[in-house]
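Peer 1: One structure, as structure tokens, below. Some questions next.
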Amino acid sequence: MADLHHLDVGCADASIIIGDATLLVDCHGIAEYPHLLPASKVVRGVFITHQHSDHYSGLAFLRDKEYHIENLIYSPYERSQEDNSVTGEEWEEFEDLRSYFEEHGTKCYRPYRQEILAKPWWETGGVKFWMLGPSKYTATSDTREIHDACLVVKASMNARSCLFTGDASDTNLQDVATIDHICDDILHASHHGSINGADLGFIKKCNPQYTVISTQPGVHESVPHPTALKRYQEHTAKKVYRTDIDHSLKWTF
């Protein structure tokens, strides 16, 4: 048995999987949820979908409270000096946090989409993870931006699954949509309900039973976007959840 928590952290992302081990997918605002973190202070793995502070900032809390992260898996993005898709301050802060954990024994990985999908990219703590994005071609193109290199990760627990999309761009998601059976249960929607990341072809291909949007109005213009919400509502079989309305969600698998 495993519990999946989608946390209410505003217009940001943080999810915790608690099974035989504790795993995080993004970690903004986890200082507000210390009761969900292990008493041992050992976290099996943390996935950081990309290097924006509203996805990685909880690493500073884990550092300051002396948690040990066994594995840190993060976007393979390479920032250029002219890049406006992520600030230099954010990039340097994430690199400082990554370096701290690596120096304290954390194993670090920067994966692209796995080449063979017949078996999981990683299986640990009773959870199977498939690395569905980003494709190396899109993540390293001359016109790339950070959301083109956002991790897209499918986590399977027993007979259920959740597809985490971080803030993946339309181009990134269109690459993922070429894969069969990407999502038939829970979709963690991209980019807080923005129209950027709500690619209609991708959403149709997912055909989720449930969609979760981690969002808060008023932080960014047109987020959540009415067209994006309409797409999720029309192509989600059972229910669309919003953390600004439904708050934190817990699923037991």
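Only the coordinates and a few stated rules stand behind these numbers; no lab work does. None of these values were measured; they are calculated from a predicted model. Here the Cβ positions follow ideal geometry from the backbone for every residue, glycine too, while neighbour counts run over all protein chains shown.
Peer 1: Quick one: grab Rg to one decimal and Dmax as a whole number for the chain, Cα atoms only, in Å.
Peer 2: Spelled out, the Cα radius of gyration and Dmax of the chain are 16.6, 47 Å.
Peer 1: Please list, ordered by chain and number, the residues whose modelled amide H lies under 5 Å from the amide H of A168; skip anything fewer than 5 residues away on the same chain.
Peer 2: For A168, whose amide H was placed from the backbone, the distant partners under 5 Å are H191.
Peer 1: Work out, step by step, the length gained on full extension between V219 and R63: first 0.36 nm times the residue separation, then minus their alpha carbon distance; give nm to one decimal.
Peer 2: Gain in length upon complete extension: 53.5 nm.
Peer 1: Given the options H28, H104, H192, which has the most mean-square fluctuation in a GNM of the chain, springs set between C-alpha atoms less than 10 angstrom apart?
Peer 2: The residue that fluctuates most here is H104.
Peer 1: I would also like to ask the following. List the residues, sorted by chain then number, that are 5 or more residues from V240 or on another chain and whose placed amide H is less than 5 Å from its amide H.
Peer 2: T211
Peer 1: Compute the distance from the alpha-carbon center of the range 113-141 to that of the range 56-109, in whole Å.
Peer 2: Here the answer is 20 Å between Cα centres.
Peer 1: To continue, here is another question. Could you tell me the calculated FRET efficiency between N196 and T252, based on Cβ-Cβ distance and R0 = 30 angstrom, to the nearest 0.05?
Peer 2: 0.40
Peer 1: log10 I(q)/I(0), Debye, Cα-only the range 66-116, no solvent, q = 0.17, 0.23, 0.24, 0.28 Å⁻¹?
Peer 2: Those come out to -0.63, -0.94, -0.97, -1.10, one per q.
Peer 1: Let me ask another. Would you kindly state how much longer the chain becomes between L117 and E82 on full extension, computed as 0.36 nm times their sequence separation minus their alpha carbon distance, in nm to one decimal?
Peer 2: 9.1 nm
Peer 1: Still on this structure, I have one more. Once you order the gyration tensor axes a ≥ b ≥ c over the Cα atoms, which shape class does the range 1-88 get: rounded for a/c under 1.5, otherwise prolate or oblate by comparing a/b with b/c?
Peer 2: prolate
Peer 1: OK, next. Could you go through the range 93-108 in sequence order and give the Karplus-derived ³J(HN,Hα) for each residue, using 6.51 cos²θ - 1.76 cosθ + 1.60 with θ = phi - 60°, rounded to whole Hz, and x for Gly and Pro?
Peer 2: For the range 93-108, the Karplus-derived couplings read 5, 4, 4, 5, 5, 4, 4, 4, 5, 4, 5, 9, x, 6, 8, 10 Hz, x marking Gly and Pro.
Peer 1: Can you list residues from other chains, or at least 5 along the same chain, whose modelled amide H is less than 5 Å from the amide H of Q216?
Peer 2: Answer set, sorted by chain and number: C11.
Peer 1: Answer rounded, prolate or oblate for the range 18-61, using the Cα gyration tensor with square roots of eigenvalues a ≥ b ≥ c: rounded when a/c is under 1.5, else prolate when a/b is larger than b/c, else oblate.
Peer 2: The shape class here is oblate.
Peer 1: Among DSSP beta bridges whose residues both lie in the chain, state the antiparallel percentage, nearest 5.
Peer 2: So the antiparallel bridges amount to about 55 percent of the total.
Peer 1: Of K65/K250; K136/K204; K65/K204; K65/K119; K65/K136, which ones are farther than 32 Å apart at the Cα?
Peer 2: Violating the 32 Å Cα-Cα cut-off are K65/K204; K65/K119; K65/K136.
Peer 1: Taking the Cα centre of the range 3-252 as the origin, how large is its charge dipole in debye, to the nearest 20, when only Lys and Arg (+1) and Asp and Glu (-1) carry charge on their Cβ atoms?
Peer 2: 1120 debye
Peer 1: Sort M1, M131 so that the residue with the fewest other Cβ atoms within 10 Å of its own Cβ comes first and the one with the most comes last.
Peer 2: M1, M131
Peer 1: Ranking D142, D20 by Cβ neighbours within 10 Å, fewest first, what do you get?
Peer 2: With the fewest neighbours first, D142, D20 line up as D142, D20.
Peer 1: Using the count of nearby Cβ atoms within 10 Å as a rough guide to exposure, how do T252, T215 rank from fewest to most?
Peer 2: Fewest to most other Cβ atoms nearby, the residues stand as T252, T215.
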